[in-house]
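Below: the structure, in structure tokens.
The values are calculated or read from the model by the stated rules, or taken from the named source; none is laboratory data. This is a predicted model, so every value here is computed, not measured. We place every Cβ from the backbone using ideal geometry, glycine too, and count neighbours over all the protein chains shown.
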Amino acid sequence: MTEKVGFVTMGEMGEEREVPTFGVGMLGYAFMGKAHTNAYKTLDYIDTPPPARTRLEILGGRSRDKVEAAARRYGYARAVTNWHDLVASPDIQIFDNSAPNNLHAEPCIAAAEAGKHIICEKPLARDAEEAWRMVEAVQKAGVVNMTAFNYRFVPAVRLMHDIIAAGRLGRIYHFRARYLQEWIISPEFEMVWRLDAAEAGSGVLGDLGTHIIDLARYLVGEPESVQGLARTFIPERRTPEGSTAQVTVDDAFAALISFQNGAMGTLEASRFAQGRKNHQVVEINGEKGSLVFNLERLNELEVYLPEEEEPRDAQGFRQVLVTESYHPYYAAWWPQGHIIGWEHTFVHEIRHFLQAIVDGTTVTPHGADFMDGYRAGVVADAILESNRTGRRVDVTYR
């Protein structure tokens, strides 16, 4: 449901166009809540014109003092501590779920039943079965739905996809991805919800691993089987109250992955990689060339396409600065060479989501919908099953 507003937006060529407005209700006000809110507010003035405008209506969270303070800071009209009030509100057309993983399924299912369009942070759910119930709910309701895999919306990653889709790499042989951080490596780091399977579902596998699983599917194709290894390095943590709690999730994992198209790959993620802050590197090797992306050099793409390069005696990887106006997602930003940052991936993501709502289309193939979130969950579950059994596990979707 959209609300037509009584103002006119001027397009790039000076044409007049009426722009719909959607009321946004967001559950969760911390890291991802801030990132998503920044995207709504930035898109409203950076795009010319945006596909739709948004009103920040309701912010939901568990702590009244904290959520009310966040609502004032971010610019939401009001705050609530009961998510049922948020999803039931007639002021809300978009439900943005940025809450911890255990609060993904039930609120999203209720929002779908209430006819809200939904964007939900990754991992979509604590496991694939929970994610499947969410898929069923949005399909039954017919609402636009998105799993927030924001790295699909890095211009360099989209350029990788377009180069591969055009056949410029030829047959794909290898996919390698690693995602490394260090933030929980200290034994003194206290217990948080991300270390509790009841709330998080899994550890680094859901937190970082699903990102590179999704990129594997987006860039190369569907997995056929996986063989995985996972470890928990610090089994107990102090709680903020001073007691001790068991860590019930993985701290690191590595996996071999076989794709249906014959490619092979490796996946690795850890939150125990000393010196790594947000180190995500993806490399793809094909019969005609290779591509490498490093998240910490977000505006660059390493390209090796020897058949397309001259002179022949000066071949090697080229460092492409992905900031031209004709590069993916760049038209609304700055002149060439003026780089963008991590936060802008969410602006691209939210714009894509709003455009799908306005057009009445799916967010796929370049965005991830709930089915993509479910499939990433199936692969993650298969890696954990392989770790438990010591055997290779086939990837099977419903």
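Annotations for the structure displayed:
- Test: residue in the range 277-300 that is under 19 Å from Ile164 (Cα atoms), in the same structural domain as Gln319 (by TED's automatic domain parsing), assigned to a strand (DSSP E or B) and among the aromatic types (Phe, Trp, Tyr): yes
- Residue in the range 236-252 that is in a strand (DSSP E or B), within 24 Å of the chain's Cα centre (by Cα) and within 25 Å of Arg194 (Cα to Cα) present: yes
- Among the residues listed as Phe189, Phe175, the single one being closer than 21 Å to Met264 by Cβ and not basic (Lys, Arg): Phe175
- When the range 148-193 is filtered for residues that are within 23 Å of Gly286 (Cα to Cα) and in a loop (DSSP other than H, G, I, E, B), the ones remaining, listed by number, are Val154, Ala166, Gly167, Arg168, Leu169, Gly170, Arg171.
- Considering only residues in the range 215-265 that are among the charged types (D, E, K, R) and touching a Ser or Thr at 6+ places or on another chain (Cβ under 8 Å), the one that is surrounded by the fewest Cβ atoms within 10 Å (Cβ to Cβ) turns out to be Glu236.
- Residue among Ala148, Ala114 that is buried (at least 22 other Cβ atoms within 10 Å of the Cβ) and in contact (Cβ under 8 Å) with a residue 24 or more places away in the chain: Ala148
- In summary, Ala99 fulfils each of the numbered conditions (1) surrounded by fewer than 19 Cβ atoms within 10 Å (Cβ to Cβ); (2) touching a strand residue (DSSP E or B) at 6+ places or on another chain (Cβ under 8 Å) with the single exception of condition (1).
- Qualifying residue in the range 349-360 (condition: surrounded by fewer than 24 Cβ atoms within 10 Å (Cβ to Cβ), over 17 Å from Trp132 (Cα atoms), at pLDDT 95 or above and β-branched (Val, Ile, Thr)): yes
- Residues (in a loop (DSSP other than H, G, I, E, B) and of a type outside the set (S, T, N, Q)) located in the range 65-116: Gly75, Tyr76, Ala77, Pro90, Asp91, Ile92, Ala99, Pro100, His104, Ala114, Gly115, Lys116
Residues checked against (1) within 19 Å of the chain's Cα centre (by Cα); (2) within 27 Å of Ile340 (Cα to Cα); (3) surrounded by fewer than 24 Cβ atoms within 10 Å (Cβ to Cβ):
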| site | (1), (2), (3) |
| --- | --- |
| Ala71 | no, yes, yes |
| Ala105 | yes, no, yes |
| Ala110 | no, no, yes |
| Glu130 | yes, no, yes |
| Arg152 | yes, yes, no |
